[in-house]
Structures are given as C-alpha cells and as structure tokens.
Amino acid sequence: MKKTIALTAVSLLAVAIATPAAFAQDKEITFINCGDELTAGYAESFAEWEAANPGYKIAPEIVGWGQCQDKVTTLAAAGTPVALAYVGSRTLKQFALNDLIVPIPMTDEEKASYYNYVPDTVTFDGTQWGVPVAFSTKALYWNKDLFKAAGLDPEVAPKTWAEEIEFAKQISEKTDAAGFGVVAKTFDNTMHQFLHWVYTNNGQVIDADGNIVLDSPQNLAALTALHDITAYAEEGPTAYEQNEVRAIWLDGGVAMIHASPSTASRAEEAGMNWGVAPLPLGPDAKGPGTLLITDSLAVFKGSGVEDQAISLAKFLTSGKRQWDAEMAQGLVPLRPLEPEVSELVAEKPYWKPFLDGIEFGGPEPLLTDYVGLQNTMIEMVQSVVTDAATPADALTKAAGELEQYK
C-alpha cells in the first residue's frame, strides 16, 4: 500500500513537472471592440497572436457604438482599465493628459507606411498615443438625373465652392429637390461636415503649436459658403445628421451630399444614376482636401499587460491584416499598399476621390475636451444656418470658447 501511494505521488509530480502550463492561469488582455460584432478577421488574428505569445489570453468584449466610448472612459477613470480599446482618435489627448493611456511611439518607418497626415491624428506633444485602426475620408456625391432635370451636365461635378453653390441654386429652382444636403443636427458629424469645408480651403482649427486658429480668413470663407448653400438645402437642416441626409439623397430629395465610400454601395443598391468626385475647393485651397478621421487602438495604463497590449495592437493593424479588415468593413485604406490600392481603384473607380483628398486633408482637432470642442462647433454651425448669427460673429465666438478646451 505504501509503495503504491509513493509511486502515485511520484507519477503526479512527474506530470506536474512535465506540464507546468497546464495548471497555470493565462494572463488576460481585456479588449473592448466597438460595434455589433467582432471586427472581421480579429478572431483568427487573436488565435495567431496567442499561439505566438503563450501565457496570454485575449478577452474581447463587444460594446455598441453608442456606449463604447463612455464605457472605456468610465473604466479608466475608476482605476479598473481595460487593457486595449477601440477609441475615437480625438479622445487621445484627453486620455493622455489625464495619465490614463501609455504612449505608443512610431518609428520613422512606421509613420512613412501610412497615408499623409494619418500619424498626425494620433499625435500629441510630439508623441503617438494610439495605433490607427480605421480611417474615413469624404467626397461629393451627386444625382445625375437631378442635374439633367435642372439643365446641368449630368457628367460634370462642381469643382469649386462657387460652382457647388450655383449648381445647388439651379437645382432647387428648376426641380422639386433640394440642391445640397446640409448636416446641422446636434450630433458629432455636424462638426465633421463643417471641417470638410475647412480642409478644402487650407484652414485649421488648432495649429502645431497648440494655438486656436479657428477665427481665420480661410475658415470665415468656409462658414460663409456653408451659410450661403443652406438657402438651397433641405428644409430645417438642424433636424438632420449625415445618415438622415444620405437617406434623403438616396430617395432623390437632394442632389448633392458629402459622404463616405459606403454611400456608393447604397446608391448602387437603390439603382441610382449617380457620380462621385473630390470635394469642391475653396479659394485658398492648395489641392484636394477632406477631413481625415481615424479611430485608434489605445493601451490603457494600469492593466499590468501594457507591453503585450501594444504588441497585440500593432499585430492587428499590420499591413495585409489591416487591409483585409478595412475591405471587409468598407473603410478607406490607412496605408498606400501596392498593388492592393491600384487594384481597388481599377475594380471600383469611385474610390479614387476618397484617396485623392488625403494629400491636402487635415485631422480631427485634438483638444483636451473633445465634447466641449464638438458642442462649440455644433452651436456655431447651427447659429449660422438658422441666421441667428453672422458667420463672422459665430466664428469669433466659437474661437474664444475653444481656448478653454485646447
């Protein structure tokens, strides 16, 4: 009996020595993924990364877009941070200044691998604070049938603001449709839509030295143009955000909108006769422009697995892996990969305007309080499109208010 017990003990000890990991607890890398489902390709990438990094297990949580940002912020502020999270890049400065995230510096080679200005969307005080994971640009869509009905050449899009306003006027006067879709609801993309005008006239909101430069001649021209085209927009633009304006366009109720690449597939599904072109340019433009919005993967401080979370973030966003995720979601490519980009444009020519606008585009402004920024810009736009304030007065007021948020 004693011999049997002794042999059993030896056998158990041998098993324990031979397979130490079998009883060890993997360290978790918690990850908040915004949306309704896990990003395309991530499940396979997680398994691949875990195989190369034994001892760590990725624990993803899917949180809807409406609650995602708030949940990430609340957890970090409470001292129970998620290790890695999908965030709007506009939040990075606020997170960094509150010591909630760790820097993720890019090498010169890494910066050069992205399209122009993409690294700027995650850079504050000379340091990168996130890894870009999603990219959006905009272009002009027009309804060719409405152009023709108004006596315009259906194959020619407006190239300047002056033409855009004139075309909108002619369409509103000669058809039952509105000429242009103005976005002015109390919603974040009201600010984004105004920034399309800013970045097609060589404007800025905050410069590289951290100075608020919203109240500039370039931006006054932009806000004035938005005011002028509102006369030929859908009725009551403060009631509409960009997806609602897009729905009106798809239904033939408005002739021109500024929208993302995903609108193309919806136009095709709707059987529309449509075209897409670079955003029209203001008088001070240096070339095609657009607002460059990115979302990022941010690594939060205090999880105990910061280095592994950085490794995972860079793994998920590496060249071909990132490209496949972008194409599955209809996102603008973050990197000018070849031959992939050339093949994309050859197969779907409507992609070209979305890429052309990058060269002279600009990032979403990084301020310490992005909600304050957003609300100030929305109020400014709404006051102008409703004629409650002149463009000059509204711009000066907003610029003054932004000083507290920079």
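The values are calculated or read from the model by the stated rules, or taken from the named source; none is laboratory data. Please read all numbers here as calculations on a predicted model, not as lab measurements. Here the Cβ is made from the backbone with ideal geometry for all residues, glycine too, and neighbour counts use every protein chain on show. Keep in mind that these areas ignore ligands, DNA and RNA; they rest on the heavy atoms of the full protein, side chains included. Shrake-Rupley method; radii C 1.70, N 1.55, O 1.52, S 1.80 Å.
Values for this structure:
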| item | result |
| --- | --- |
| Thr200 closer than 16 Å to Gly289 by Cβ, hydroxyl-bearing (Ser, Thr, Tyr) and assigned to a loop (DSSP other than H, G, I, E, B) | yes |
| Residues located in the range 184-210, provided they are in contact (Cβ under 8 Å) with a residue 40 or more places away in the chain, farther than 16 Å from Lys286 by Cβ and out of contact with any Pro (no Cβ under 7 Å at 6 or more places or on another chain) | Lys185, Thr186, Phe187, Asp188, Asn189, Thr190, Met191, His192, Gln193, Phe194, Leu195, Gly210 |
| Any hit, the range 302-312, residues being open to solvent by less than 10 Å² (accessible area, probe 1.4 Å) and not aliphatic (A, V, I, L, M) | no |
| Failed condition for Thr376, given (1) free of Cβ contacts under 8 Å to residues at least 40 places away in the same chain; (2) closer than 30 Å to Asp209 by Cα; (3) open to solvent by 40 Å² or more (accessible area, probe 1.4 Å); (4) polar (S, T, N, Q) | (3) |
| Scope the range 64-96; condition hydroxyl-bearing (Ser, Thr, Tyr), farther than 10 Å from Asn33 by Cα and touching a residue at least 60 places away in the same chain (Cβ under 8 Å); matching residues | Ser89, Thr91 |
| The range 184-204, subset open to solvent by 10 Å² or more (accessible area, probe 1.4 Å) and within 21 Å of Gly253 (Cα to Cα), residue nearest to the chain's Cα centre (by Cα) | Gln193 |
| Options Asp251, Asp228, Asp207: the member that is under 18 Å from Thr290 (Cα atoms) and surrounded by fewer than 22 Cβ atoms within 10 Å (Cβ to Cβ) | Asp207 |
| Residue check for Pro353: in contact with a Lys or Arg (Cβ under 7 Å, 6 or more places away or on another chain), open to solvent by less than 30 Å² (accessible area, probe 1.4 Å) and touching a residue at least 24 places away in the same chain (Cβ under 8 Å) | no |
| Candidates Trp142, Trp129, Trp161, filtered to the one that is in contact with a Leu (Cβ under 6 Å, 6 or more places away or on another chain), buried (at least 18 other Cβ atoms within 10 Å of the Cβ), of a type in the set (A, V, I, L, M, F, W, C) and modelled with pLDDT of 95 or more | Trp129 |
| Selection from the range 69-105 of residues that are touching a helix residue (DSSP H, G or I) at 6+ places or on another chain (Cβ under 6 Å) and modelled with pLDDT of 95 or more | Pro81, Val82, Ala83, Leu84, Ala85, Leu100, Ile101, Val102, Ile104 |
| Filtered residues of the range 29-65 (kept if more than 15 Å from Leu312 (Cβ to Cβ) and either open to solvent by 60 Å² or more (accessible area, probe 1.4 Å) or among the β-branched types (Val, Ile, Thr) (or both)) | Asp36, Glu37, Ile62, Val63, Trp65 |
| Odd one out for Pro103 among (1) touching a Ser or Thr at 6+ places or on another chain (Cβ under 7 Å); (2) in a loop (DSSP other than H, G, I, E, B); (3) surrounded by 21 or more Cβ atoms within 10 Å (Cβ to Cβ) | (3) |
| Lone qualifier among Glu401, Glu359 - being of a type in the set (Asp, Glu), assigned to a loop (DSSP other than H, G, I, E, B) and farther than 27 Å from Tyr232 by Cα | Glu359 |
